[in-house]
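S.K.: My questions all concern the structure below.
The values are calculated or read from the model by the stated rules, or taken from the named source; none is laboratory data. Just so we're clear, the structure is a prediction, and the values are computed from it rather than from any experiment. Here the Cβ positions follow ideal geometry from the backbone for every residue, glycine too, while neighbour counts run over all protein chains shown. For accessibility, only protein heavy atoms count, side chains too; no ligands or nucleic acids. Shrake-Rupley method; radii C 1.70, N 1.55, O 1.52, S 1.80 Å.
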Amino acid sequence: MKKGKFFGIVAFAIILLGFLCLFPLPIYIETVGKAQNVAQYVRVAQKKDRTAGSLMLTYVSVARATPVLYGASFFDKYASRLPEEEVSGNETDSEYERVQTYYMEDAVNQAKAAALRLAGKKYQQKYLGIYVLSLLQGSTFKNKLAVGDTVTAVDGQHFSKTADFVAYLAKQKVRKQVTVTYLRNGKQRTVSGKTMKLPGTSRTGIGISLAERSQVTTSEKITTDMEGIGGPSAGLMLALQMYSQLANQDLKLGRKIAGTGTISADGTVGEIGGIDKKVVAAQRAGATLFFAPNNRVTAAERKVDAQAVSNYKEAQAAVKKYHLKLKVVPVTNIKDALHYLKTH
């Protein structure tokens, strides 16, 4: 074989291999992640919890597919292949990461409030404004506001809760000029645009999807280091860990306990995704107990998905399907988890 032809074949093979390994597909692969002891992330009064056992957060592994990863996923019985729009919508990878970071920061914030409240400790939760999660294509604020901005006022008016912000905009006429004050990287800025009719509703808005941003202040020293972990689903387990240290109560009694679920300041536990994979991660880490959100499936959710079930039932089904040995306990409020741990 001539040298030129040989090197041509090698170059083609290298290019093909690079394509198969590196070319990003509009698909994400979700599979079993890990379960981690929350105590390693939380300090109360500058101390880590070193008592026996562990309260563990659980997470799934999510990666953008390449041709090789896509093919390999069919050999992983736990893997799900999700369309790009279901995972990140129309966001760029950097926007997606910013949103996941916000969700984790909010989970920590809400967990602090829930734990302090249960432990009878004083705290204040200050409303900071509206966090911009995404912007609709038809919004005149697109390319003016950005994912990660915090809206603090509209037309010079500040609000004490998100509902008031939404109500103010709902009263405005479509295509009315409004001025938005916002924070970006700690600096205050203003921008103007027009209102629009929000798709699928009769309401007026500025074309952003939003979340509430707040801050908890307390004399109790609670610090967390959640670097590398995103999303809101660690809220419940963070709150349990913080409470156990604030109240000086050993909830673990040497046990390995895992769970998942968002948390609100009032202790309400919310549902999350990927729980079928999280119970597998929990058992792999040695957990014998798993807390799962058990919220009622609404009529609206059943209309979209007739097979929709609660996280609790989904977790139970996964335990049966994969022949797992851990016990799944349903919770709708952190008090349910506390009651179970104190009575079992």
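S.K.: State all residues of the range 110-148 that are within 16 Å of residue 262 (Cβ to Cβ) and of a type in the set (Phe, Trp, Tyr); if no residue qualifies, say none.
M.R.: 131
S.K.: If you take just the helices (runs of 4 or more DSSP H) that sit entirely in the range 261-344, which of them hold at least 2 residues that are open to solvent by less than 70 Å² (accessible area, probe 1.4 Å), modelled with pLDDT of 95 or more and not β-branched (Val, Ile, Thr)?
M.R.: In the range 261-344, 275-284, 311-321, 334-343 are the helices (runs of 4 or more DSSP H) which contain 2 or more residues that are open to solvent by less than 70 Å² (accessible area, probe 1.4 Å), modelled with pLDDT of 95 or more and not β-branched (Val, Ile, Thr).
S.K.: Please find, among 61, 73, the residue that is modelled with pLDDT of 90 or more and farther than 22 Å from residue 260 by Cα.
M.R.: Unique residue meeting the criteria: 73.
S.K.: Take the residues of the range 27-49 that are among the polar types (S, T, N, Q) and out of contact with any Leu (no Cβ under 6 Å at 6 or more places or on another chain): which is farthest from residue 105 (Cα to Cα)?
M.R.: Among those that are among the polar types (S, T, N, Q) and out of contact with any Leu (no Cβ under 6 Å at 6 or more places or on another chain), it is 31.
S.K.: Note down all Cβ pairs under 7 Å where the first residue falls in the range 315-332 and is without any contact (Cβ under 8 Å) to a residue 40 or more places away in the chain, the second is among the polar types (S, T, N, Q) and assigned to a strand (DSSP E or B), and they're at least six residues apart or on different chains.
M.R.: Filtered contacts from the range 315-332: no entries.
Yes/no matrix, rows are residues, columns are (1) open to solvent by less than 20 Å² (accessible area, probe 1.4 Å); (2) more than 20 Å from residue 270 (Cα to Cα); (3) charged (D, E, K, R):
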{"residue": "194", "(1), (2), (3)": "no, yes, yes"}
{"residue": "204", "(1), (2), (3)": "yes, yes, no"}
{"residue": "211", "(1), (2), (3)": "yes, no, no"}
{"residue": "219", "(1), (2), (3)": "no, yes, no"}
{"residue": "225", "(1), (2), (3)": "no, yes, yes"}
{"residue": "232", "(1), (2), (3)": "no, no, no"}
{"residue": "241", "(1), (2), (3)": "yes, no, no"}
{"residue": "245", "(1), (2), (3)": "no, yes, no"}
{"residue": "254", "(1), (2), (3)": "no, yes, no"}
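S.K.: Does residue 151 satisfy the condition of being within 24 Å of residue 106 (Cα to Cα), β-branched (Val, Ile, Thr) and open to solvent by 20 Å² or more (accessible area, probe 1.4 Å)?
M.R.: Considered against the rule, which asks whether it is within 24 Å of residue 106 (Cα to Cα), β-branched (Val, Ile, Thr) and open to solvent by 20 Å² or more (accessible area, probe 1.4 Å), residue 151 comes out as no.
S.K.: Taking the range 88-102, which residues are touching a strand residue (DSSP E or B) at 6+ places or on another chain (Cβ under 8 Å), in a helix (DSSP H, G or I) and not acidic (Asp, Glu)?
M.R.: 99, 102 - these are the residues of the range 88-102 that are touching a strand residue (DSSP E or B) at 6+ places or on another chain (Cβ under 8 Å), in a helix (DSSP H, G or I) and not acidic (Asp, Glu).
S.K.: So which residues in the range 38-73 are under 17 Å from the mean Cα position of the chain (by Cα), more than 15 Å from residue 243 (Cα to Cα) and not hydrophobic (A, V, I, L, M, F, W, C)?
M.R.: Scanning the range 38-73 gives 58, 59, 61.
S.K.: Does residue 215 count as of a type in the set (S, T, N, Q), surrounded by fewer than 18 Cβ atoms within 10 Å (Cβ to Cβ) and within 24 Å of the chain's Cα centre (by Cα)?
M.R.: Answer is yes for this residue.
S.K.: Can I ask one more? Just to check your reading of the model, which residue among 118, 136, 145, 128 is more than 29 Å from residue 246 (Cα to Cα), among the hydrophobic types (A, V, I, L, M, F, W, C) and open to solvent by 20 Å² or more (accessible area, probe 1.4 Å)?
M.R.: Step by step, each of 118, 136, 145, 128 is checked, and only 136 is more than 29 Å from residue 246 (Cα to Cα), among the hydrophobic types (A, V, I, L, M, F, W, C) and open to solvent by 20 Å² or more (accessible area, probe 1.4 Å).
S.K.: May I pose another question? For the range 50-60, name all the residues that are closer than 21 Å to residue 104 by Cα and either of a type in the set (Asp, Glu) or open to solvent by 60 Å² or more (accessible area, probe 1.4 Å) (or both).
M.R.: Residue satisfying the conditions is 59 alone.
S.K.: Take the range 61-87 and flag every residue that is part of a strand (DSSP E or B), under 22 Å from residue 17 (Cα atoms) and open to solvent by less than 50 Å² (accessible area, probe 1.4 Å).
M.R.: 63
S.K.: For the list (1) open to solvent by 70 Å² or more (accessible area, probe 1.4 Å); (2) not in a strand (DSSP E or B), I need the number of the one condition that residue 39 fails.
M.R.: Just one mismatch for residue 39, condition (1).
S.K.: Turning to a different aspect of this structure: What number of residues in the range 138-170 are under 19 Å from residue 98 (Cβ atoms) and part of a loop (DSSP other than H, G, I, E, B)?
M.R.: Qualifying residue count for the region: 8.
S.K.: Oh, and also: Show me the strands (runs of 3 or more DSSP E) found entirely inside the range 178-256 where at least 1 residues are basic (Lys, Arg) and over 15 Å from residue 104 (Cβ atoms).
M.R.: The strands (runs of 3 or more DSSP E) meeting that bar are 187-194.
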